[in-house]
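Here, each number is a calculation from the coordinates, and none is a lab measurement. The structure displayed is predicted, hence computed values, not measured ones. Virtual Cβ from ideal backbone geometry, glycine too; neighbours counted across all protein chains shown.
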Amino acid sequence: MAKTAAQNDRLTQVGPGTPMGELLRRYWHPVGATVQLDENPVRKVRLLGEDLTLFRSESGEFGLVGDRCPHRCMAMSFGVPDERGLRCGYHAWLFDAQGNCLEQPWEDRIQPEARFRDKIKIKAYPVQELGGLIFAYLGPQPAPLLPRWDLLVLDDVDRGLDIQPIPCNFLQCMDNSFDPLHFEFLHAGFGNYHFKRLGLPPAMTPAKHLDIAFDVFEYGVYKRRLLEGQALDSADWTIGHPVIFPVLLSIGDNNRSGLHWRVPTDDTHTTQFLYSTRRRKPGESARPMTVNYEVLFDENRELVDAIDRTIKQDIVAWVAQGAVTDRTQEHLSPGDKGIILYHKMLNENIDRVARGEDPMGTIRDPAENEPMIEIKRSREHDKAFKIRDDMEPALWQNAEAGAAG
Ligand SMILES: [Fe+2]
């Protein structure tokens, strides 16, 4: 049954005070990469409909504060990093990572006893660094622990990050992750059609899905598939790979793995952090993390680049549903049972938060988080579909690692 407009709004609106916005504010979300702050220590961030400024102070502390100075509303993205925080560029008011105003140079000089600065605060949220990424938490205190997913912690892998701005709501990106069948039709069918139009050979060989299944576990949902020609003990069917609730897809195998966060920027934009790891071969030296910014659609949702990789085919499907999919017009079939399960889980967890409870996957016990949270995953369908190497993230190409997979 199609949703009502109100049911669709409840699942897609992410701003402060909305039901989904409140649920998403109970999780840590990536907002950038450490190497981006090496390049420029002050950066604009838009997350869950809030405009913010991410910075690294001269002493190396990270901060995430409101986008406007409370003095005369100049953008803090023009701020200047200081030992103790970030100074507004206009009159040099200094704010720390907790949002306190530490200095007002002119006011402190003229009327030091007034301590006007004590009356001034800027919005501030906690940030933490892990695995080359910077994560932010916009919810109520006490914040849960930042999850130590294995790929963020392992020390025998190289890392690459693609940051992809996507001009549509996050839910259509996530629905795609609960829809294994699209691999056969979007990636093999539609994908190969586009290669043919470009005069190029097919990038993969279609394989038929015999069955799909979904298993809820403590951090999300494992999705499994059985393809024609695969044995019942195939890892695609016995293990599969998980969506970590609420907005993280985990893919790959023992050698080439990935974490794909679909971070809601606002109601009509998503930022995908496509984090790829590759296990180093014995004796291979570590490579620094690479960061690549990739735009496939412009602000008018017009295609501005070639559809020449698997992930780009996904992005086309998401954006081509519109800024926010009109779910009053959908006709879901039995093949969409994963999407129906996901929406039910989102609604249940919205209700948990409304009751004052922690939602699914909240980690508060350090013993659960240390040294890392290992995620089982398989990716045999890459072989079943005979996917050409150049369809994969750059880090994975020509990189059949030595360790057993
Ligand atoms: Fe896909």
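Can you give the translational diffusion coefficient of the chain in µm²/s, computed by Stokes-Einstein from the Kirkwood radius over Cα pairs at 25 °C and 0.890 mPa s? Estimated diffusion coefficient is 108 µm²/s.
A Förster radius of 51 Å, combined with the Cβ-Cβ distance separating Arg115 from Val35, puts the computed FRET efficiency at roughly 0.85. Counting charges near Pro167 (Lys, Arg +1; Asp, Glu -1) among other residues having Cβ under 10 Å from its Cβ returns a value of -2. Contact order, relative form, for segment 213-301: 15 percent (alpha carbon pairs under 8 Å, 6 or more residues apart, mean separation divided by residue count).
For the chain, averaging the sequence separation of C-alpha pairs within contact (under 8 Å, six or more residues apart) and dividing by the residue count gives a relative contact order of 21 percent.
Inter-label distance, Val304 to Val216: 4.1 nm, where each label sits 7 Å from its Cα along the C-beta direction.
Between Ala231, Ala323, Ala97, which gets the highest mean-square fluctuation from a Gaussian network model of the chain, Cα cutoff 10 Å? Largest GNM mean-square fluctuation: Ala231. Neighbour counting of Cβ atoms within 10 Å sorts the residues Arg72, Arg148, fewest neighbours leading, into Arg72, Arg148.
Between Trp106 and Gln128, what's the calculated FRET efficiency when r is the beta-carbon distance and R0 is 30 Å? Round to 0.05. So the FRET efficiency works out to roughly 0.30. The residues packed around Leu296, meaning those with a beta-carbon under 11 Å from its beta-carbon, carry a net charge of -4 if Lys and Arg are +1 and Asp and Glu are -1. Can you tell me which of Asp82, Asp118, Asp389 moves the most in a GNM of the chain? Springs connect C-alpha atoms under 10 Å apart. Of Asp82, Asp118, Asp389, the most mobile in the Gaussian network model is Asp118.
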